[in-house]
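Q: This is the structure I have questions about; it appears just below.
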């Protein structure tokens, strides 16, 4: 089968020179891998911000463009590997091996001296270039070009496209054309796009095809090889990437819809649990009505209370606690259930709004990162395994984490905090970090929970024995760990508010007890 080249070798020869010169001294800002064999390098230059390469023996591409190709949300493993070794380094110089359509960029110091882009192999880093890389090719006689269909194997610059072109002219003119190409004398560049004819190929060439070789394809002429390559690359590649991105979007929409339905089901289960807590107030009131008949400090597994119809109803109790404590716990759980149901109304609106958007084709930000698919007010103590921190639950059901040491302070900020969570720390002195977990950005946090979190921070600080304290509050995204600071020490770029609170030592015990319910 005859080989077909999309970006012909002699076209690539002129292109590689312009690409190399355009990117000289430029820095690699970011690397993307939009599809198998497709690479995007963000490198700001006068020609454009993105160097795009597609590795394929038949459909290889290389071009600089101002338009960013579609890109998947999760990079591949090899993409991450390249990012660590190539990003923020600069292209110092270049060497091209144009007959094989390869270009190597010399890099500033780091792992690998050379970065090699090839139209047939994945990009690689290397300390030395392959043997014979960049040597000028030998050119065959015209007779060999005309008669040997396999001439490209020994002379890869004689592509099948070039051979077809030369064979279309008398020998004298064909010899002149070969000579001009050998000197690299191309002045204009041509892109031929398919027009639906079977077997017709899109091509980027360094010469103009005669009418009989165009086969009905659209002709586009350019004075600049960079412009020709950009047009050809975007036309050939971007529709494929858009189609791939569309398929990925469909899969993401399906996954997001599934997560939202699951979150709504969990919310329904949580609402039923909260309703049961609220209903417990009736048991608490029944115990309160007969408590005078018993020893309030007595511990028992159940209590029989009279009903209006003259029968008795048995209330199960926790034998670890007294009758009075059981009654108070029922009242406290009921109050917590009411707060939880109030939050559930807000959360249901958020979830149903997100589900409506997804069902109408809008892709939301990552649900896990945004917290939309996360539960609220649940027991997160399992997350603290191996972390030097304590967990609390505020009066409004928000989870609170407080570091137990410098290491714990560092861990809750690094491992447990989301960018939109609230961070608390005593002002003007040492103390513990406290994180208040939110379910999504801009979620309203009642003032009571804010002040409880601040109190937890102050009670483990230089204010511990004071009556009042001054506590900083900031979004976690504005709290950063800087070089030179000790473990647990941070810099705050933007303060949300400064709180002035009364210290209540009972807050710790009260919120710790609530967290156990």
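The values are calculated or read from the model by the stated rules, or taken from the named source; none is laboratory data. Source: prediction; values computed, not measured. No Cβ is skipped: glycine too gets one built from the backbone with ideal geometry, and neighbour counts run over all protein chains shown.
Q: If residue 161 passes every condition in (1) assigned by TED's automatic domain parsing to the domain that holds residue 190; (2) more than 19 Å from residue 181 (Cα to Cα); (3) surrounded by 13 or more Cβ atoms within 10 Å (Cβ to Cβ) but one, which one does it miss?
A: Against the list (1) assigned by TED's automatic domain parsing to the domain that holds residue 190; (2) more than 19 Å from residue 181 (Cα to Cα); (3) surrounded by 13 or more Cβ atoms within 10 Å (Cβ to Cβ), residue 161 comes up short only on (2).
Q: Go through the stretch 96-131 and give me each residue that's more than 18 Å from residue 83 (Cβ to Cβ), touching a helix residue (DSSP H, G or I) at 6+ places or on another chain (Cβ under 9 Å) and assigned to a strand (DSSP E or B).
A: 96, 97, 102, 103, 118 - these are the residues of the stretch 96-131 that are more than 18 Å from residue 83 (Cβ to Cβ), touching a helix residue (DSSP H, G or I) at 6+ places or on another chain (Cβ under 9 Å) and assigned to a strand (DSSP E or B).
Q: To continue, here is another question. Test residue 260 against the criterion of being in the same structural domain as residue 333 (by TED's automatic domain parsing), buried (at least 18 other Cβ atoms within 10 Å of the Cβ), modelled with pLDDT under 90 and part of a helix (DSSP H, G or I), and give yes or no. Walk me through how you get there before you give the answer.
A: On the way: in the same structural domain as residue 333 (by TED's automatic domain parsing): yes; buried (at least 18 other Cβ atoms within 10 Å of the Cβ): yes; modelled with pLDDT under 90: yes; part of a helix (DSSP H, G or I): yes.
Considered against the rule, which asks whether it is in the same structural domain as residue 333 (by TED's automatic domain parsing), buried (at least 18 other Cβ atoms within 10 Å of the Cβ), modelled with pLDDT under 90 and part of a helix (DSSP H, G or I), residue 260 comes out as yes.
Q: Going through the stretch 37-72 one residue at a time, which ones are within 17 Å of residue 242 (Cα to Cα), surrounded by fewer than 18 Cβ atoms within 10 Å (Cβ to Cβ) and either over 21 Å from the mean Cα position of the chain (by Cα) or free of Cβ contacts under 8 Å to residues at least 24 places away in the same chain (or both)?
A: 66
Q: Among 331, 343, which is outside the structural domain of residue 511 (by TED's automatic domain parsing), over 44 Å from the mean Cα position of the chain (by Cα), surrounded by 11 or more Cβ atoms within 10 Å (Cβ to Cβ) and touching a residue at least 40 places away in the same chain (Cβ under 8 Å)? Let's see the steps before the verdict.
A: Details: 343 fails: over 44 Å from the mean Cα position of the chain (by Cα).
So the residue among 331, 343 that is outside the structural domain of residue 511 (by TED's automatic domain parsing), over 44 Å from the mean Cα position of the chain (by Cα), surrounded by 11 or more Cβ atoms within 10 Å (Cβ to Cβ) and touching a residue at least 40 places away in the same chain (Cβ under 8 Å) is 331.
Q: Here is a follow-up. Does residue 489 satisfy the condition of being modelled with pLDDT under 95 and out of contact with any strand residue (DSSP E or B) (no Cβ under 7 Å at 6 or more places or on another chain)?
A: Yes, satisfied.
Q: Which of the residues spanning the stretch 194-218 are in contact with a strand residue (DSSP E or B) (Cβ under 8 Å, 6 or more places away or on another chain), modelled with pLDDT of 70 or more, assigned to a loop (DSSP other than H, G, I, E, B) and surrounded by fewer than 16 Cβ atoms within 10 Å (Cβ to Cβ)?
A: 208
Q: Right, here's the next one. Among the numbered criteria (1) in contact (Cβ under 8 Å) with a residue 40 or more places away in the chain; (2) in a helix (DSSP H, G or I), which single criterion is violated by residue 175?
A: Single failed check for residue 175: (1).
Q: Could you pull out the residue among 231, 238 that is in a helix (DSSP H, G or I) and more than 27 Å from the chain's Cα centre (by Cα)?
A: 231
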